[in-house]
Amino acid sequence: MKTYYFEDFKTGDKFTSGPYDVTTEEIKEFASKYDPQPFHLDEEAAKKTVFQGLAASGWHTAAMSMNLLVRALPPIEGGMIGKSIEKMQWHRPVRPGDTLHYECEILNTRASASKPDLGVIKGRSTTYNQNNEPVQTLEVVMIAPRKGN
């Protein structure tokens, strides 16, 4: 399988993932380990909160989105290395039974000023539910090796 380098990414390139089905069990398991709040753990308690029902943690949504990002982008030589996340927003709760998918558009690319063997890639990422409603948006900055270095 071909691996991609910095030079293989161009402004305007778009990448889309396949579907990801969200389960009650997964929401509760993630929450019990990393975000143990009632609206992530208990259906009855969640009904009495702003979410009015069980909802995935925003951090769980981010983790599921990362899974979809890795599956959407072509394999990057040496692995995908994140540099930063910018403008992260959660737009609506992710619920049990939701089916997520992910889209990323490359906004710009540039050679690294300090490391000539690397390039910097910035993308706009959106995770959608089954109704094509955005649940999370962010801008991701990644680094990738340059060819011949």
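Read the figures in this text as sums done on the coordinates, not as results from a lab. Bear in mind that the values here come from a model prediction, so they are computed numbers and not experimental data. In this analysis, Cβ positions are derived from the backbone assuming ideal geometry, glycine residues included, and neighbour counts consider all displayed protein chains.
The residues neighbouring G119, those whose beta-carbon lies less than 12 Å from its own, together hold a net charge of +3 under the Lys/Arg +1, Asp/Glu -1 convention. Only Cα pairs under 8 Å and 6+ residues apart enter the sum, and on that basis the relative contact order of the stretch 6-145 stands at 31 percent.
Annotation note: trypsin sites (Lys or Arg not before Pro) in the stretch 1-72 located in DSSP loop regions with a Cβ neighbour count of at most 15 within 10 Å are K2, K10, K47, K48.
From the largest down, the stretch 1-56 spans 50, 22, 18 angstrom on the principal axes of its Cα atoms. Ranked by the mean number of other Cβ atoms within 10 Å of their residues, highest first, the peptides 53-63, 101-111, 129-139, 78-88 come out as 53-63, 101-111, 129-139, 78-88. In whole percent, what relative contact order does the stretch 1-79 give with Cα contacts below 8 Å and a gap of six or more residues? Here the relative contact order equals 39 percent.
Hydrodynamic analysis of the chain uses the Kirkwood radius over alpha carbon pairs. Inserted into Stokes-Einstein at 37 °C and 0.692 mPa s, it gives a translational diffusion coefficient of 200 µm²/s.
As I understand it, the dipole of the chain uses +1 on the Cβ of Lys and Arg and -1 on the Cβ of Asp and Glu, about the Cα centre. Which of A62, H101, S114 lies farthest toward its positive end? The one lying farthest along the dipole's positive direction is S114. Rounded to the nearest 10 degrees, the inclination of helix 24-34 to the longest alpha-carbon principal axis of the chain is 70 degrees. For the cross-link pairs K87/K115; K10/K115; K10/K87; K14/K87; K14/K47; K28/K48, the ones whose C-alpha atoms lie over 27 Å apart are K14/K47.
The angle between the Cα long axis of helix 58-72 and the longest principal axis of the Cα atoms of the chain comes to about 40 degrees, rounded to the nearest 10.
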